[in-house]
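Here is the structure we will look at.
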Amino acid sequence: MTSSTQTRVFLSALAAVVILIVAYDVWRPPEIATKTLPQVAQEAPPTTRRVLDKTPLLYEGEYLDNLLDRLRPALVSARPDPDDYGTSTTGFVVDGNGSVLVSLVSAAPKWRVRTASGDVADGELAGFDAVHGLALLRTKLPGPLVTLSLASGMPLTAVEPLIGMQASATGGDVRMLTKAVSVSSYEEMLQGTGLRPGEVALDADGRLRAFGATTEDGAQPLFAYQLEEIVKALSTIGRHPHPWLGVELQTVGDRLRPYFAEGALVTVHVEPDSPAAQAGLKPGMAFVEARAGDRTAHTSEGVDNIIEVGQTIELEPVPAPRQKTPPKPVSLTVVDRQRPLPVRAHDVDSMGLMAAEAQPGVDIVVAPGGEAASHGLATGDVVEAVDLRPVSSARAFVRALLARPAHGAHLLTVRRGRDRFFTLLGPAEASAVTAGKRHE
């Protein structure tokens, strides 16, 4: 065999080997289905990684599809009252006994449940929490069931992505939410953007980090550590207790000390027809401490931690100047605040809850970086009162700030979202605050 012939045979053999290698690589099924996304990202060449979230651009879609296929049996849609084709909702399988948690749309006793993988079963209402917007259903879905594990207490990696999944008419929807830098950052991100009601937020390993629900504050994420407590209560007693006094308390810090003297706690707001209102509490009342049995609290957070439904709370008032006998404690009974829903789904609005009544006050605009901002005020806050006197217009707000303040500063009652708090604003700082529109 001549040299040229040997060369041609060698090149032909080499080409055949290359073709076989390429064909095998094309035919070989991808291995990433058995790996987590962080593992794939770590093994991928730097040129294939994303700058922001470090997930491989080439494999992201395939990874999400594989994760959806694995978890589709755990995603469910549910319709209250099988004979009523009203509002439907979505959620996930909680445990191997067929318990299903869904975003609340009705308190109907009978439900029809379908998994995203196609299994269908009847369900019964085991309990609901209208404050948090959740319903727990008991079903007879065929087993073995796929459940979503809760990731409460498990740390997040620095660039771990969050994935949103939800049952749908086509089986299931999946989307990349964002990367998670820390527990606080992912919670803030989900609070800001909001999960869709009935949507789960998963980490890269498919563990549940949060669930979208229609709460009394609107569509909000409920995180895994919250869901554990709520599901346990709904499973055992059919409801999740909400200890309620009907009063917003604020801890008296150094800034408020000139206004409230020896007080450790101060009343910011009292709800009408609440235990606090029945006990005669009013905004601006200061207390030395709160007692519940043998437990004592000197902060607003401490009060939240010691109250239980049915318990009696005693608030010890700050003695008035020159008062010879100690004032009697104010006693309140903690009640369980619940929000009942109609039985039929079509009797409930799309949010599943009644709208809250509008609250009075005046929007404010705060100069950034100024003294007012340093004291906790922000543009968009609503000032309800100045020195405990309600303000209902921009003119009344400005007139109140121009009056001579007690203790060298004005006491502002500020509402931000559903929360209220006191802050002091001196005459020099008032110029950095501008009144906006009136609330009625």
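Quick rundown of the values:
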| read-out | value |
| --- | --- |
| Yes/no for Gly143 being surrounded by fewer than 20 Cβ atoms within 10 Å (Cβ to Cβ), in a loop (DSSP other than H, G, I, E, B) and at positive phi | no |
| So Glu314, is it surrounded by fewer than 17 Cβ atoms within 10 Å (Cβ to Cβ) and touching a strand residue (DSSP E or B) at 6+ places or on another chain (Cβ under 7 Å) | yes |
| Strands (runs of 3 or more DSSP E) completely within segment 163-264 that count 1 or more residues being surrounded by fewer than 21 Cβ atoms within 10 Å (Cβ to Cβ) | 173-180, 218-223, 247-251 |
| Matching residues in segment 307-325 - criterion: being touching a residue at least 60 places away in the same chain (Cβ under 8 Å) and closer than 21 Å to Phe260 by Cβ | Ile313 |
| Selection status of Gly238, at positive phi and in contact with a Leu (Cβ under 7 Å, 6 or more places away or on another chain) | no |
| Condition check for Glu271: acidic (Asp, Glu) and more than 19 Å from Thr413 (Cβ to Cβ) | no |
| Residue match in segment 104-117 (condition: closer than 15 Å to Leu222 by Cβ and either in contact (Cβ under 8 Å) with a residue 12 or more places away in the chain or not aromatic (Phe, Trp, Tyr) (or both)) | yes |
| Flag if Thr251 is more than 26 Å from Gly376 (Cα to Cα) and hydroxyl-bearing (Ser, Thr, Tyr) | no |
| Residue, nearest to Ala385 (Cα to Cα), within segment 253-300, restricted to residues that are β-branched (Val, Ile, Thr) and touching a residue at least 12 places away in the same chain (Cβ under 8 Å) | Val268 |
| Hey, Ala367 at pLDDT below 85 and outside the structural domain of Glu271 (by TED's automatic domain parsing) or not | yes |
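The values are calculated or read from the model by the stated rules, or taken from the named source; none is laboratory data. Because the structure is predicted, anything quoted here is derived from the model rather than measured. Methodologically, a virtual Cβ is constructed for each residue, glycine included, from the backbone with ideal geometry; neighbour enumeration extends over all protein chains shown.
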